[in-house]
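Novice: Take a look at the following structure, please.
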Amino acid sequence: WGVELIGKTVGIIGYGYMGEAFAQRLSGFDVRVLAYDKYKKEFAHGSKYIVESSLEHLFEMCDVVSLHVPLTPETLNMLSVDFFKQFKKNIYLINTARGGIVNLSDLATAIKNGKVLGACLDVFEFEEQSFEHSQISSSEGMQYLIQSNKVLLSPHVAGWTTESNEKIARVIGEKIIAEFNL
């Protein structure tokens, strides 16, 4: 069975272009959207989509957490057992940002103990051609995630759609025509 978003609180960590685009898309789902960005302030002023929040407020209120931060030394393994423990509620996790932000062994532990109810992962620490033949699939945590019915895995394609492929093809075609004066 699925779980409705209506009435839930979705927390966005990282409010750059992708975080803002995600918030706009959530506007039709009757959810409360909280956004946290360590390096931006007053970004929600006048926004009809979000409420700017502290990380502590996200820990208090969120039902769903979506990551939109870059992978840096500061964000590497940011989501760990200690991070998950800070949430008041049990949460769902979405990571379409970068692999390495979520410690996969700690995520497996959080799912096993019920702190994370489910996860959608589009990015991984070591991205290769397939889950079966990558370095990452040899880790115990990843093996659990691959087999879990509480986890959806996709191979870094969250933004790929028929329309996005057409747009990319159009832009590339225009650049070729311009470069070669065709």
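Novice: In Å and from the alpha-carbon atoms only, list the Rg and Dmax of the chain.
Specialist: 18.0, 61
Novice: Report, by chain and number, residues whose modeled amide H sits under 5 Å from the one on C120, excluding near sequence neighbours (fewer than 5 apart, same chain).
Specialist: L93, I94, N95, L152
Novice: While we're on this one: Among the DSSP beta bridges whose two residues both lie in the chain, what percent are antiparallel, rounded to the nearest 5? Please list the in-between numbers first.
Specialist: Details: 0 of 24 bridges.
Expressed as a percentage, antiparallel bridges in the chain total about 0.
Novice: Anyone know which of V69, V116, V31 comes out most mobile in the 10 Å Cα GNM of the chain?
Specialist: In this elastic network of the chain, the residue with the biggest mean-square fluctuation among V69, V116, V31 is V31.
Novice: While we're here: Could you run the Karplus curve 6.51 cos²θ - 1.76 cosθ + 1.60 with θ = phi - 60° over the range 37-51 and give me ³J(HN,Hα) per residue in whole Hz, x for Gly and Pro?
Specialist: With coefficients 6.51, -1.76 and 1.60, one gets 9, 4, 10, 10, 10, 6, 7, 9, 4, x, 6, 9, 9, 9, 10 Hz.
Novice: In the range 13-54, carbon and sulfur make up what percent of the accessible area (probe 1.4 Å)?
Specialist: Values: 1430 of 2710 Å².
Answer for the range 13-54: carbon and sulfur cover 53 percent of the accessible area.
Novice: Translational diffusion coefficient, Stokes-Einstein: compute it for the range 55-110 using the Kirkwood radius over C-alpha pairs as Rh, at 20 °C and 1.002 mPa s, and state it as an integer in µm² s⁻¹. Show your work: numbers first, answer last.
Specialist: Details: Rh = 11.5 Å.
Estimated via Stokes-Einstein, D reaches 187 µm²/s.
Novice: Ranked from the most accessible area to the least, with a 1.4 Å probe and all protein chains present, what is the order of L76, L26?
Specialist: Numbers: L76 95, L26 10 Å².
My answer, sorted largest first, is L76, L26.
Novice: Can you tell me the equivalent ellipsoid semi-axes for the range 1-97? Use √(5λ) from the Cα gyration tensor, largest first, whole Å. If you can, show how the numbers build up before the last one.
Specialist: Working: eigenvalues 71, 61, 30 Å².
After scaling each eigenvalue by five and taking roots: 19, 17, 12 Å.
Novice: Ok, one more. In the range 1-74, what GluC sites (Glu not before Pro) fall in a loop by DSSP, with at most 15 other Cβ atoms inside 10 Å?
Specialist: Sparse-neighbourhood loop GluC sites (Glu not before Pro): E4, E42, E74.
Novice: May I ask you to compute the full-extension gain from E60 to F43, defined as 0.36 nm times their residue separation minus their alpha-carbon distance, rounded to one decimal in nm?
Specialist: Numbers: separation 17, 0.36 × 17 = 6.12 nm, distance 2.08 nm.
Taking 0.36 nm per residue and subtracting the Cα distance, the gain is 4.0 nm.
Novice: Once fully extended, how much extra length lies between N165 and L5, figured as 0.36 nm per residue of separation less the alpha-carbon to alpha-carbon distance?
Specialist: Values: separation 160, 0.36 × 160 = 57.60 nm, distance 2.84 nm.
Going from the current span to full extension adds 54.8 nm.
Novice: Please work out how much accessible surface R32 shows to a 1.4 Å probe, ignoring ligands, DNA and RNA, in Å² rounded to 10.
Specialist: 100 Å²
Novice: Provide the gained length on full extension for the span L153 to K89, in nm with one decimal, where the gain is 0.36 nm per separating residue minus the Cα-Cα distance.
Specialist: On the way: separation 64, 0.36 × 64 = 23.04 nm, distance 2.32 nm.
Contour length minus the Cα-Cα distance gives 20.7 nm.
Novice: Now for a different question. For A35, what residues show an amide H to amide H distance below 5 Å, using hydrogens built from the backbone and excluding near sequence neighbours?
Specialist: I12, V51, E52, S53
The values are calculated or read from the model by the stated rules, or taken from the named source; none is laboratory data. Fair warning: this is a prediction, and the values are worked out from it, not measured in the lab. We place every Cβ from the backbone using ideal geometry, glycine too, and count neighbours over all the protein chains shown. Note: areas computed on protein heavy atoms with side chains; ligands, DNA, RNA excluded. Shrake-Rupley method; radii C 1.70, N 1.55, O 1.52, S 1.80 Å.
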